[in-house]
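Contents: one structure, followed by commentary.
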C-alpha cells in the first residue's frame with residue numbers, strides 16, 4: 001500500500017490539474033474535487049499506514065504498548081472531507097446558478113467581471 | 001476559572017451569527033443594530049485582550065483543558081492582539097457604513113454572513129494550531145463566497161466562480177503541506193512544530209512543505225503570480241463588503257505568512273528569504289502597473305491592494321526585527337487606509353451615480369470636504385509625510401538600506417511614485433475635472449452613517465502620522481516576539497505542564 005497510494009495520489013493530482021485547466025465549468029468542478037481528494041489521501045499516507053493495530057490502551061496500562069495506527073490524521077482527514085464537501089456543494093449550486101444567469105458553461109465567456 | 005478574553009473575539013461573532021439567523025424576519029434596522037452592537041462588543045474585548053497581552057506577555061488558552069500539543073491551543077501574542085483590534089475597528093466601520101448603504105440585495109443574510117466572516121478572521125489570528133488555521137480559513141472563505149455571490153447579478157456569479165475555484169485550490173495546497181509536515185513531525189501545534197523542526201534541521205520535505213504553504217497563503221494574500229482572482233472579484237461586491245474584503249482577507253494571508261515563516265520555519269530563512277523578496281518585488285510592480293491601466297475606482301484600488309501586499313511580503317523576507325516591525329505597522333496602516341479608500345469610493349459613487357472615472361467629476365466644487373477626506377488616505381497610501389503610510393515605508397526603506405538590499409528598496413520607492421500617480425488620477429477625474437454631464441450630473445445625498453466611518457478612519461490615519469512613535473513602538477515589540485519565539489513557545493508549552501482543571 002505504501003507504494004501504491006503515492007502513485008494513486010499522483011494520478012489524482014495530474015487528472016485534477018488537467019481538468020482544472022479546461023474551459024468547461026463542470027470539468028473544473030470535477031478537477032477541484034479530485035484535487036481535494038488527493039490532498040486528503042496524501043495526509044492519510046504521509047502520516048504512515050498500518051493495519052490491524054488499533055490505538056487502544058490495554059485496561060491495566062496507562063500508555064499504549066507497541067506500534068499502533070495514529071488516529072489524529074484520520075480525524076484531520078475527516079474534518080477536511082466535511083469542509084471540502086460543504087464547499088463543493090456550494091460550488092455546484094453556484095455553477096448551476098451561474099449557468100442559468102449567463103447561459104454558458106464556458107469559462108471564456110465569463111469576462112464581464114474582468115473589464 | 002479566571003476571565004479569559006482570548007476566546008471572546010471568537011465567541012462573540014459566533015453568538016451574533018446564531019442570533020441574526022434567528023432574527024432574519026426582524027427587519028433591517030434591528031439586524032443592522034445587532035451587527036453594529038456585536039462589532040462594538042468585539043472592539044471592547046479586543047482592547048481588553050490587547051491590554052492583557054501588552055502587560056502580561058503572550059496569552060494561551062487550552063481549549064477543553066487539553067494540554068498542548070494535543071488539544072487546540074488559542075494563542076494571542078502582540079501581533080495577534082493588534083490584528084484582532086484592527087479587525088474590530090474595520091468591522092465596526094464597515095458595519096456602520098452598511099447600515100447607511102442599505103443591504104436589501106442580501107435578503108436578510110448580510111449581517112449573519114458579515115459576522116461569520118469576522119469569526120473566521122478572528123479565529124485565524126488567534127489560533128496556535130496549523131490545522132485549526134485551515135478550518136478558520138474555510139469559515140472565512142465560505143462566508144466570503146456567499147457574500148460575493150448573493151447579490152446575484154451576472155458579474156457577481158462570474159466573480160464568485162473564479163474566486164471560489166482559486167481559493168479551493170489554495171486550500172488543497174494547504175492540506176498537502178499539512179500532510180507532509182505532519183508526516184515529518186507528528187504534530188501540528190505551531191509552537192511544538194517550531195521546536196521539532198529546529199531539531200530536524202534542513203530537510204527536503206520540510207522545505208517543500210514550506211513552499212506549499214507559501215503557495216497556499218500566497219493565493220489568499222494575492223501575491224504574484226497568484227493574484228488574478230482578486231481584481232476580478234472585489235469590485236463586483238457592494239462597497240461595505242468590498243471594504244471589509246480589501247481590509248482583512250488578504251491581510252489574513254500576510255499574517256499567516258508572517259506567523260508560519262517566523263515561528264514554524266524560523267530555521268529555513270536562508271532558503272525562504274530570496275524567494276519572499278522576489279515575490280514581494282514582482283507583486284509590487286505588477287500590482288501598481290495593473291492599477292495604472294484601470295479607470296473604475298474599485299478596480300484601481302483592488303490592484304493597489306496587490307502592490308501594497310508586496311511591501312509587507314518584503315518586510316517578512318528581510319527577516320530582521322526592524323523589518324518585521326515595519327510589516328506589522330504596514331499591515332495595520334494598510335487595513336485602515338485601504339478600507340477607507342473603498343468606503344470613500346462608495347461615497348463618490350453614491351453622489352455622482354457611478355464609480356467609473358469617465359462618469360464622475362466636479363466633486364471638488366460641490367463637496368470640497370469630500371475631496372479632503374479622500375486626499376488623507378490617498379496621500380497616506382502614496383507615502384506622503386506626515387501620514388501613516390510615510391512612516392510604514394520609511395521604516396522599511398531604512399531597514400532595507402541597512403542590510404544592503406538596495407535593489408529591493410529602489411523598486412519599492414518607484415512603486416510608491418506610481419501609487420501616487422493612480423491616486424492623483426482618481427483625484428483629477430473624480431474631483432478636479434468638470435462634471436461630464438454638466439448640470440444633468442446626478443448629485444444624490446449621502447447618508448450620515450456612510451460618512452462617519454470615513455471620517456473616523458481618516459482620523460486614525462492622521463493619528464498614526466502625528467504619533468508614529470507610539471505605534472512604531474508597539475510594532476517593534478510585536479516584531480520582537482516574532483523574531484524570538486521563545487515567549488510564544490513557553491506560553492504554549494510550559495516547561496512544567498499545568499495541572500488539569502482546578503477542582
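Summary of values
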| item | result |
| --- | --- |
| Nearest-ten-degree value, helix B:448-466 long axis tilted from longest Cα axis of chain B | 60 degrees |
| Relative contact order (%) - region B:8-492, alpha-carbon pairs under 8 angstrom, separation at least six | 16 percent |
| Cα→Cβ-extended label distance, 7 Å offset, between residue A:99 and residue B:467, nm | 5.8 nm |
| C-alpha long axis of helix A:25-46 to longest principal axis of chain A, angle in ° | 20 degrees |
| Alpha-carbon Rg with Dmax, taken over region B:262-329, Å | 13.8, 44 |
| Cα centroid of region B:296-347 to Cα centroid of region B:196-232, whole Å | 20 Å |
| Region B:305-383: C-alpha gyration tensor shape, a/c 1.5 cut-off, then a/b vs b/c | prolate |
| At 0.692 mPa s and 37 °C, Stokes D of chain B from Kirkwood alpha-carbon radius, µm² per second | 144 µm²/s |
| Estimated distance in nm for a label pair at residue B:495 and residue A:11, the labels positioned 7 Å out from Cα along Cα-to-Cβ | 5.4 nm |
| Modelled FRET efficiency - R0 41 Å, residue B:428 with residue B:278, Cβ distances, 0.05 increments | 0.75 |
| Compactness relative to 2.2 N^0.38 Å, alpha carbon Rg of region B:244-364 | 1.22 |
| Residue exposure sequence - A:63, B:352 - by fewest surrounding Cβ within 10 Å | A:63, B:352 |
| Three-way shape label, region B:360-461, alpha-carbon gyration tensor, a/c 1.5 | oblate |
| Estimated D of region A:1-87 in µm² per second, where Rh is the Kirkwood radius over Cα pairs and Stokes-Einstein applies at 25 °C, 0.890 mPa s | 165 µm²/s |
| Degrees separating the helix B:204-221 axis from the principal Cα axis of chain B, which is the longest one | 20 degrees |
| Reference-scaled alpha-carbon Rg (2.2 N^0.38 Å with N residues) for region B:60-181 | 1.22 |
| Cα gyration tensor, region B:1-76 - rounded (a/c under 1.5), prolate or oblate | oblate |
| Calculated Rg and Dmax of the protein assembly as shown using C-alpha coordinates, Å | 24.0, 90 |
| log10 of Debye I(q)/I(0), alpha-carbon scatterers only, for region B:378-434 at 0.14, 0.24, 0.26 Å⁻¹ | -0.43, -0.91, -0.99 |
| Region B:392-423 versus region B:4-42: alpha-carbon centroid distance in Å | 41 Å |
| Calculated FRET efficiency for the pair residue B:289/residue B:366, C-beta based, R₀ 35 Å, to 0.05 | 0.60 |
| Rg to Rh, two decimals, where region A:43-106 supplies the alpha carbon set and Rh follows Kirkwood | 1.35 |
| Peptide-level mean, for B:173-184, of C-beta atoms on other protein chains within 10 Å | 6 |
| Segment residue A:78-residue A:53, extension gain: residue separation times 0.36 nm, minus the distance between their alpha carbons | 7.0 nm |
| For region B:152-268: span of alpha carbons on each principal axis (Å, largest first) | 53, 22, 22 |
| Where only alpha carbons of region B:201-256 are counted, the Rg and the Dmax (Å) | 14.2, 48 |
| Isotropically averaged projected area of region B:416-503, using the convex hull of Cα atoms (one quarter of hull area), nm² | 13.0 nm² |
| Helical mean residue ellipticity (222 nm; -39500 (n - 2.57) per DSSP H run of 4+; nearest 500) of chain B | -24000 deg cm²/dmol |
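Every number in this text was worked out from the coordinates using simple rules, so none of it is lab data. Predicted model, so just to flag it, every value in this text is computed and none were measured. Don't worry about glycine lacking a Cβ; one is built from the backbone with ideal geometry, like all the others, and counts go over all protein chains shown.
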